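First comes the structure, then the notes that go with it.
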Amino acid sequence: MNILEIINKKKNKELLTKEELSFAFNGYDKGDILDYQMASLLMAITINGLTEEEVFNLTEIFIESGEKISFEGFDYVDKHSTGGIGDKTTLIVAPIVAACGIPILKMSGRGLGHTGGTIDKLESIKDFKINLSIEEIKESLIKNKIVLVGQSANIAPLDKKIYLLRDVTSTVESIDLIAVSIMSKKIALGAKNIVIDLKVGNGALVKNMNDAYLLASLMKKIGTKFERNVSFIISNMGNPLGLTIGNSLEVLESIQVLKGNGAYDITNLSLVLSAKLIEMHKKIDFKEAFMMAKNALDKGLAFNKFLELIKNQDGILGSLTRAKNEMVIYSQKTGYITSIDAYGLGVEAKNIKAGRATKEDIIDYQVGIELHYQVGQLVKEDQPLATVYYNEVKPNEEKILKCFKIENEKIENKLILGVINYDSN
Ligand code: URA
């Protein structure tokens, strides 16, 4: 077999066999296929796509590149977000679901570019241990019902390698490659019931509803092929989620939500995602599941679970602080907020070191942006729109102010744009 022939086949829109995919991708994993050859193949795939059969085969190759977790006879759930600005739902959903007696194992990644990553948020908690062995994961899952860990090198390691290359070769947006990347990790982690929060909008990877439906449909088919139930909540990522962007700030906001004092959008989306997981695991009606989730939140059971999680993974919560320097951004006019540019604020937050520009960059956990208003609210001239907490890099006041659109007409911020259920029968 020859890599040039394989690249040429995909360039000419021909089907690749499982052997050819394996030759190329496993060869890349071993170092036999070089970066520029794989980059070329990835670009051909991004332009010409993969058939369903090719997607299934590539998913299997990714899964088999590492370890698989499976605890015989022990069912747990998993939740995934395709990533966005201010998305701290994992820190809220996982404790809610666990407080309802359902084990949840979540492996999260770091943020790159303008989006944040759950692992960075967890690392803003002093000493929080994100690397657990498979034995430790199992023990905690049985005892505490909640485990949040970092992306272990052994779970679909090929995805990690390919993702890094996609990130620098403009091949991240391929629907087929996104589906393979996400689903291979989910399947290797072993959960039977999976909920995916598929973000759509300018702050997200997926920019329109058409692509969201294509991606969901493909991921659902992969789920069925590998005997997993996958449901989707399609949510709006045009505006940031909740009131904070930045690691410590987002953990502090999650605590407010878990104490029942959160903003409506983040609280409601967290409850919907939790209810979907509860519905799937317990095979009950969504409304009943939603009431269970709400009860766990309202009675403080979810907050107690969160505290248990932090303690169990050696974290010290009291250490969370915001940066000392504050820049307040004032509104220059009176009117309704009609949009808050999630992508723009994500970039500004990254610039003050809340995120990374390259994977070697060091994050400042204390910095970030706190919003005082959300879309649909009335703001008066000279009122503070946002407070930026910063250390060594001074925020760009003008660029942050430009992210807020203020107009005379009020508009509603529709957060949940669609729901796609797994096929239960
Ligand atoms: N998240 C992933 O894990 N992989 C992708 O390709 C895109 C988002």
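The values are calculated or read from the model by the stated rules, or taken from the named source; none is laboratory data. The structure displayed is predicted, hence computed values, not measured ones. Ideal geometry is used to build each Cβ from the backbone, glycine not excepted, and the neighbour counts take in all protein chains shown. These area figures cover heavy atoms from the full protein model, side chains too; ligands, DNA and RNA do not enter into them. Shrake-Rupley method; radii C 1.70, N 1.55, O 1.52, S 1.80 Å.
Data table
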item	result
Which listed residue, of 310, 278, is among the aliphatic types (A, V, I, L, M), within 14 Å of residue 96 (Cα to Cα) and open to solvent by less than 10 Å² (accessible area, probe 1.4 Å)	278
Qualifying residue in region 15-29 (condition: small (Gly, Ala, Ser) and within 16 Å of the ligand (Cβ to nearest atom))	no
Test: residue in region 298-308 that is more than 30 Å from residue 138 (Cβ to Cβ), at pLDDT 95 or above and not assigned by TED's automatic domain parsing to the domain that holds residue 393	yes
Odd one out for residue 294 among (1) open to solvent by less than 30 Å² (accessible area, probe 1.4 Å); (2) in contact with a Leu (Cβ under 7 Å, 6 or more places away or on another chain)	(1)
Among residues of region 29-44, those that are in contact with a Lys or Arg (Cβ under 7 Å, 6 or more places away or on another chain) and either closer than 18 Å to residue 63 by Cβ or open to solvent by 20 Å² or more (accessible area, probe 1.4 Å) (or both), counted	1
Residue identified as among the charged types (D, E, K, R) and surrounded by 20 or more Cβ atoms within 10 Å (Cβ to Cβ) among 54, 64, 14	54
Selected residue [open to solvent by 70 Å² or more (accessible area, probe 1.4 Å) and either touching a residue at least 24 places away in the same chain (Cβ under 8 Å) or touching a Pro at 6+ places or on another chain (Cβ under 9 Å) (or both)] from 301, 320	301
Which listed residue, of 62, 25, is in contact (Cβ under 8 Å) with a residue 12 or more places away in the chain, within 29 Å of residue 273 (Cβ to Cβ), outside the structural domain of residue 138 (by TED's automatic domain parsing) and hydrophobic (A, V, I, L, M, F, W, C)	62
